[in-house]
Amino acid sequence: MLTHDENELLCRVEGNAPMGQLMRRHWQPVCLIEEVSEPDGNPIRARLFGEDLVVFRDSEGRVGVIDEFCPHRRASLFYGRNEDCGLRCLYHGWKIDVAGNVVEMASEPAASEMCDKVKHLAYPTHEWGGMVWAYMGPQDEKPEFHPPAWAPAKDVRVSIAKAIIPCNWAQVLEGAIDSAHSSSLHSSDMVPARVQTGEATDKAWLRPSTDRAPRMQVERTSYGFRYAALRRPIKDAATLDYVRTTVFVAPATALIPPNNLYNVANVNVPVDDTHTAFYFIAWGHPSRTPETETWRKFLRQTIGVDIDDTYKPLRRMDNNFKQDRQLMKAGNFTGISGFPNQDIAMWVSMGAIADRTHERLGASDLAVVEFRKRMLEAVNAFQQGEPAIGTGPARIPDLACSFQAILPKTTDWRTYPARHVWEPETELDSSYNVPAQR
């Protein structure tokens with residue numbers, strides 16, 4: 001349980017809010033590359049930390065992330081003409097390039113030197129792992145871009161489902177790192193089975209345990225923390241544990257336990273105080289990781305079917321997330337199709353910003369408690385002048401990963417030599433620097 005002031009400090013990200021300023025010291029995903037794939041194609045709107053932006057790809061293929069509103073009269077550049085290496089405002093013809101230079105002012109005299117005096121807000125960008133990234137912090141503090149743990153090399157397949165969720169980033173993140181809820185909320189999609197390890201099919205994820213009350217253990221790291229959910233396996237429960245580890249990478253990424261075919265991650269980007277861009281990611285070897293459309297279909301996150309063309313879910317509070325009570329009577333636990341949709345229903349039902357002053361937490365909430373402690377300590381340290389958590393030498397090591405395995409009770413999960421799921425083993429493993437799963 002948090003106090004009201006602690007909850008505000010954790011959740012608020014707009015303007016000069018300390019948490020938002022901390023997050024701005026990290027490169028942040030702005031949109032999917034597929035949204036701006038065409039040179040001189042349609043611009044798109046984006047919104048991060050309460051700031052309205054427009055994203056476009058220019059004639060030479062460069063991506064710009066700039067203030068949505070023209071520096072002249074503040075008309076929206078979203079409606080502008082994307083042409084000749086710049087975005088031209090419809091109102092008076094001012095044209096801005098990807099670096100924020102005003103390169104033409106059609107409404108000004110030819111001899112005017114005003115172009116040299118006006119600079120539009122533009123953020124540095126980088127394309128990687130299917131996303132357009134921007135650095136929105138102070139430019140003199142801009143760090144080098146490092147590939148995220150879920151996209152360690154260019155030739156790794158990365159498939160992403162995106163949704164804009166109408167609630168605060170912290171409750172989305174808390175759901176992503178909470179292993180205990182999967183045994184209840186997702187019990188019809190993450191199904192107990194007599195398998196040797198967690199396995200994926202085209203319809204469900206199988207797990208070798210019926211245990212709904214895992215024991216939680218946490219290990220702090222410089223970039224966040226790791227934690228393990230220990231469950232009784234279906235076989236040999238007296239001597240073995242089924243261990244699922246999750247890695248929290250500050251400020252808002254979770255490396256989720258993988259299955260036997262591919263790795264899984266979740267990235268949560270604050271749109272503003274009450275909305276979150278939720279990215280659910282499968283990544284791994286191209287021969288075993290589902291392609292993007294297959295992944296979205298599996299998750300019930302297909303554009304035009306489950307979400308609209310602005311990535312807003314079609315299952316909402318006002319239609320009860322299309323919950324099927326007859327399906328529940330037939331044995332489905334939630335009556336909501338697609339396990340991200342089950343999560344979204346829970347997150348949104350808490351309100352735009354969850355009131356944590358009324359919670360009653362238990363032993364299964366250890367990771368949630370650790371997340372709050374870790375981030376509140378981090379933001380307080382940041383306010384005292386320390387670097388943002390997970391930046392510089394404190395950033396996540398290249399080979400850090402989550403894992404799931406059946407281990408002897410005598411084995412400490414903290415020392416287990418975890419490796420990314422990477423099969424089949426090929427000579428590419430050395431170039432990826434991603435060893436195969438053992």
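The values are calculated or read from the model by the stated rules, or taken from the named source; none is laboratory data. Treat the numbers as computed from the prediction; the structure is a model and nothing was measured. In this analysis, Cβ positions are derived from the backbone assuming ideal geometry, glycine residues included, and neighbour counts consider all displayed protein chains. Side chains are part of the model used for accessible areas, which takes the heavy atoms of the whole protein and leaves out ligands, DNA and RNA. Shrake-Rupley method; radii C 1.70, N 1.55, O 1.52, S 1.80 Å.
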Of 135, 416, 279, which is the most mobile in a GNM of the chain whose springs link Cα atoms less than 10 angstrom apart? 416
Calculate for the chain the 222 nm mean residue ellipticity that helices alone would give, adding -39,500 (n - 2.57) per DSSP H run of length 4 or more and normalising by residue count, nearest 500 deg cm²/dmol. -4500 deg cm²/dmol
Rounded, prolate or oblate: which fits the stretch 35-174 when a ≥ b ≥ c are the square roots of the eigenvalues of the alpha-carbon gyration tensor, with rounded for a/c under 1.5 and prolate only if a/b beats b/c? prolate
Can you list residues whose amide H is under 5 Å from residue 261's amide H, if they're 5+ apart or on another chain and H is modeled 1.01 Å from N? 200
Convex hull volume per residue in cubic angstrom - Cα atoms of the stretch 345-410: 200
How big is the Rg/Rh ratio for the stretch 272-362, C-alpha atoms only, Rh by Kirkwood, two decimals? 1.02
Rounded to two decimals, the Rg over Rh value of the stretch 220-296 from Cα coordinates and the Kirkwood Rh reads 1.07
Tally up the carbon and sulfur contribution to the accessible surface of the chain as a whole percent, 1.4 Å probe, everything protein left in place. 50
Provide the descending list of Cα extents for the stretch 341-383 along its principal axes, expressed in whole angstroms. 34, 25, 21
For the chain, state what percent of all Cα-Cα pairs lands in each successive 10 Å bin, counting from 0 Å until the bin that includes the largest distance. 4, 20, 30, 26, 13, 5, 2, 0, 0
Structure shown: which of 154/373; 154/312; 154/203; 119/142 lie over 24 Å apart, alpha-carbon to alpha-carbon? 154/373; 154/312; 154/203
Using only alpha carbons, build the gyration tensor for the stretch 3-112 and give me the equivalent ellipsoid semi-axes, biggest first, whole Å. 31, 17, 11
With point charges of +1 on the Cβ of Lys and Arg and -1 on the Cβ of Asp and Glu, referenced to the Cα centre of the chain, which listed residue (225, 192, 269) lies farthest in the positive direction of the dipole? 192
Counting DSSP beta bridges with both ends in the chain, the antiparallel % (nearest 5): 95
Free-standing Cys, the chain [no other Cys Cβ under 4.7 Å]: 11, 31, 85, 115, 167, 401
Relative contact order (percent, whole number), the stretch 162-278, Cα cutoff 8 Å, 6+ residue spacing: 30
If you project the alpha carbons of the stretch 286-416 onto the principal axes, what extent comes out on each, in Å, largest first? 50, 42, 35
In degrees, nearest ten, helix 366-383 long axis to first principal axis of the chain (Cα): 30
